[in-house]
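Worksheet: one structure, shown below.
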Amino acid sequence: VQEVQEAIEEDRILLYYQPILELCTGRVTKYEALVRMLSRQGEIISPGCFLPVIKKTKIYPRLTEVILEKCFAYFQDKDVEFSINLSAADIADSKVTQRILRLLAGSGLAGRVTFEFVESEEFENPEELLRFITEVKRYHAKIAIDDFGSGYSNFAHIFTMGADYIKVDGSLVKEIADNPSVLAVVESIVYLARKLNIKVIAEFVCCETIYHTVKDMGLDEVQ
């Protein structure tokens with residue numbers, strides 16, 4: 001906790017930006033912001049080493065604000081879309097949500113940002129989440145359901161969250177070329193998304209075989 005607190009104070013919170021490729025054009029059209037921490041020794045520390053702990057502390061809202069501020073500043077002069085991950089803890093914190101709304105109102109980037117929510121995460125107050133989604137959509141921001149298909153998916157999330165994107169979880173995507181059962185699951189997700197006019201993104205596209213498989217299935221984007 002102290003290490004993260006010091007990293008925030010000393011501006012050692014970094015953002016990496018992973019490209020998302022549009023399959024119909026072959027162009028990178030958006031990036032997902034991914035947080036990292038730089039140690040005083042120059043080591044890059046992945047979020048799995050600190051986020052699970054920090055989410056349970058009072059530092060977490062400040063970390064989210066730092067990520068938001070850095071991300072909006074970085075894309076201010078770039079003509080691409082970008083996405084930011086949010087959690088139930090972020091939505092429950094009024095200071096964080098108000099900061100998001102101020103950034104949407106004042107940055108001119110609202111139409112280019114997507115907020116991602118992990119499909120499996122439990123929200124203690126679903127009405128609070130829906131209010132937030134309604135508010136950000138007024139600014140033409142978009143919503144993505146992240147890690148869809150991990151565990152037991154609740155398709156009701158697609159309807160209640162008004163999702164613009166579904167991101168198929170990497171645990172499915174990495175087996176899609178070799179496992180007919182996984183292929184059938186992803187095909188069902190794509191079919192439903194098409195009916196609802198939702199775009200589908202495949203995560204963990206790590207080789208040409210998977211790339212061509214998801215392209216032939218008619219997914220929209222790969223990451």
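Viscosity 1.306 mPa s, temperature 10 °C: give me the Stokes-Einstein translational D for the chain in µm²/s, with Rh taken as the Kirkwood radius over C-alpha pairs.
Values: Rh = 18.3 Å.
It diffuses with D of about 87 µm²/s by this estimate.
Rounded to the nearest 500 deg cm²/dmol, what is the calculated helix-only ellipticity per residue at 222 nm for the chain, with -39500 (n - 2.57) per DSSP H run of length n ≥ 4?
Calculated from helices alone, the mean residue ellipticity at 222 nm is -12000 deg cm²/dmol.
Please report Rg (one decimal) and Dmax (integer) in Å for the Cα set of segment 130-179.
Cα radius of gyration and Dmax of segment 130-179 are 13.2, 42 Å respectively.
Taking just the alpha-carbon atoms of segment 101-203, what radius of gyration and Dmax come out, in angstrom?
Spelled out, the Cα radius of gyration and Dmax of segment 101-203 are 14.7, 48 Å.
Could you please put Tyr17, Tyr191, Tyr60 in sequence from largest to smallest accessible area, using a 1.4 Å probe?
If we order Tyr17, Tyr191, Tyr60 from most to least accessible, we get Tyr191, Tyr17, Tyr60.
Excluding same-chain pairs closer than 8 in sequence, count the lysine pairs in segment 64-223 whose Cα atoms lie under 15 Å apart.
Value for segment 64-223: 7.
Quick one: pull the percent of accessible area on segment 1-151 belonging to carbon and sulfur, 1.4 Å probe, ligands and nucleic acids left out. Walk me through the intermediate numbers first.
Working: 3820 of 7650 Å².
Here carbon and sulfur together make up 50 percent of the probe-accessible area.
With springs only between Cα atoms under 10 Å, which of Ala144, Ala202, Ala73 fluctuates most in a Gaussian network model of the chain?
Sorting by GNM fluctuation, first place goes to Ala73.
Applying 1/(1 + (r/R0)^6) with R0 = 35 Å to the Cβ-Cβ distance of Ser150 and Gln98, what FRET efficiency is obtained, to the nearest 0.05? The partial results should precede the final answer.
On the way: r = 31 Å, r/R0 = 0.87.
Computed FRET efficiency for Ser150 and Gln98: 0.70.
The values are calculated or read from the model by the stated rules, or taken from the named source; none is laboratory data. These numbers were taken from a predicted model, which means no experiment stands behind them. Counting neighbours? That spans all protein chains shown, and the Cβs are built from the backbone with ideal geometry, glycine included. For accessibility, only protein heavy atoms count, side chains too; no ligands or nucleic acids. Shrake-Rupley method; radii C 1.70, N 1.55, O 1.52, S 1.80 Å.
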